[in-house]
1. State whether the residues of segment 87-96 include one that is within 23 Å of G22 (Cβ to Cβ), of a type in the set (S, T, Y), in a loop (DSSP other than H, G, I, E, B) and open to solvent by less than 60 Å² (accessible area, probe 1.4 Å).
2. From the set of residues in segment 103-113 that are small (G, A, S) and open to solvent by 70 Å² or more (accessible area, probe 1.4 Å), which is modelled with the highest pLDDT?
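The values are calculated or read from the model by the stated rules, or taken from the named source; none is laboratory data. These numbers come from a predicted model, not from an experiment. Backbone-built Cβ (ideal geometry, glycine too); neighbour counts: all protein chains shown. For accessibility, only protein heavy atoms count, side chains too; no ligands or nucleic acids. Shrake-Rupley method; radii C 1.70, N 1.55, O 1.52, S 1.80 Å.
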Amino acid sequence: MPRRAPGTLLPLEVDILEVGAGLTDEGERFHGFGLAERLSADSRRLVGHGTLYKALSRMLDAGLLEAVWEDSAIAAEAGRPRRRLYAVTPAGAAALSAVRSGERVAATFRPAAGGAA
């Protein structure tokens with residue numbers, strides 16, 4: 001059973017949408033580690049990277065974000081594993097707008113396997 005009311009976002013999810021929307025507006029995609037650095041630099045609290053990636057996964061499932069894998073040649077040239085690159089979808093932008101205006105979010109979050117969203 002989810003621990004949140006339908007149509008609500010957790011504070012971390014709102015932070016992800018705020019930072020991600022700014023980057024998406026600039027035509028950039030973002031990756032999890034870079035997002036964590038940006039959240040920390042913006043004085044937003046980040047509990048842990050595991051928490052961040054779970055939130056990103058929930059937001060993908062809800063259609064608030066979209067993701068693509070980075071080209072393997074780019075990662076190989078940089079000497080690191082490929083990154084999953086995220087962008088805020090129109091539904092994510094609408095959810096952020098709804099949160100800012102105090103409305104309910106029109107996204108459906110599915111409970112995690114353990115029963116908590």
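1. yes
2. Of everything passing the filter in segment 103-113, A106 is modelled with the highest pLDDT.
Residue by residue, here is whether (1) under 13 Å from E13 (Cα atoms); (2) in a loop (DSSP other than H, G, I, E, B); (3) modelled with pLDDT under 90 holds:
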{"site": "E28", "(1), (2), (3)": "no, yes, yes"}
{"site": "E37", "(1), (2), (3)": "no, no, yes"}
{"site": "R58", "(1), (2), (3)": "yes, no, no"}
{"site": "E77", "(1), (2), (3)": "no, no, no"}
